[in-house]
DNA sequence: AGGCGTTCCTGGGGGC
DNA sequence: TGCCCCCAGGAACGCC
């Protein structure tokens, strides 16, 4: 399930192949994949189609043109990769971009949750997302203020994209475990020291995960190797195995509607 | 305000 | 072996 590190990995993989190339058309295979535009509208808005930049904001891949952007959200099973001219489309391709150099950028998505958006600029996405956890404006103090201002389940808060951008189920569980905070804690009851530690750990975990090309649970990259952070996971997916810190068996519970892995012995519940 | 259920989707796993 | 049911979950939305 692509979260910040996986989306960043995709951007890192495709960026050099796309920069300064020209998009001639964007074609839907499955009709609902375009959230707010049509092929014709895209052609008109991308104005010649030269790609100026490829980047990430939250869990979106942003392809920037002179006067518009295309934003791609992979959701659960989306993949984005380049194909040579004569290579066959995958069975699960839901859309493709045709480049002037005859390569195709494929959006492949088994579960069809992924969507492509067309905007004038990044504004609409910025508006509904919190800070980037790896940017300088995500400080220990800003996280503390945010967490204290809500009386809310801490895991639900970490997953809320309007609070902090980019964390998903895996990295929320990993961050909470490393910080010894039970995911069912109430945000405003978590002590300041623990939040300072959580802030530090979110940065460390995401940075390490990007260095390892993310976590492969569902294989999100086609050309590249699988994400090696899978080997670094300390809690996610380890139910019935022993906690790395205290040997207590890890349990799987449900928090905020998600499968959640916890060590009930060393993750403290603040209520 | 925030929690919770529902929807969108399909492959895969468990149970029988 | 085969079939059915349910589960996985990011985000939006409606309801309480």
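Here are the numbers for this structure:
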read-out	value
Near pairs, Cβ below 9 angstrom, 6+ apart or cross-chain, from the stretch A:1-26 (within 16 Å of DNA strand B (Cβ to nearest atom)) to any residue that is part of a helix (DSSP H, G or I)	A:1/A:169; A:1/A:170; A:2/A:9; A:2/A:10
Inter-residue pairs, beta-carbon under 8 Å, first under 17 Å from residue A:126 (Cα atoms) and in the stretch A:145-163, second near DNA strand B (Cβ under 9 Å from one of its atoms) and in a helix (DSSP H, G or I), 6+ apart	A:163/A:157
Unique match (being part of a loop (DSSP other than H, G, I, E, B) and either within 24 Å of the chain's Cα centre (by Cα) or loosely packed, with under 15 Cβ neighbours inside 10 Å (or both)) among A:41, A:79, A:91	A:91
Options A:113, A:97, A:34: the member that is within 24 Å of the chain's Cα centre (by Cα) and either at positive phi or away from DNA strand C (no atom under 16 Å from the Cβ) (or both)	A:97
Residue A:195 vs. criteria in contact with a strand residue (DSSP E or B) (Cβ under 7 Å, 6 or more places away or on another chain) and either surrounded by fewer than 23 Cβ atoms within 10 Å (Cβ to Cβ) or at pLDDT below 95 (or both)	no
Residues that are under 18 Å from residue A:115 (Cβ atoms) and in contact with a helix residue (DSSP H, G or I) (Cβ under 9 Å, 6 or more places away or on another chain), drawn from the stretch A:79-96	A:79, A:80, A:81, A:94, A:95
Sole exception among (1) within 16 Å of DNA strand B (Cβ to nearest atom); (2) outside any loop (DSSP other than H, G, I, E, B) for residue A:54, by number	(1)
Residue check for residue A:146: within 16 Å of the chain's Cα centre (by Cα), in a helix (DSSP H, G or I) and within 16 Å of DNA strand B (Cβ to nearest atom)	no
Residue among A:169, A:213, A:231, A:201 that alone is surrounded by 17 or more Cβ atoms within 10 Å (Cβ to Cβ), modelled with pLDDT under 95 and away from DNA strand C (no atom under 15 Å from the Cβ)	A:213
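The values are calculated or read from the model by the stated rules, or taken from the named source; none is laboratory data. From a predicted model like this one, the values you see are computed outputs, not experimental measurements. Positions of Cβ are generated from backbone atoms using ideal geometry, with glycine treated the same way; all protein chains shown enter the neighbour counts.
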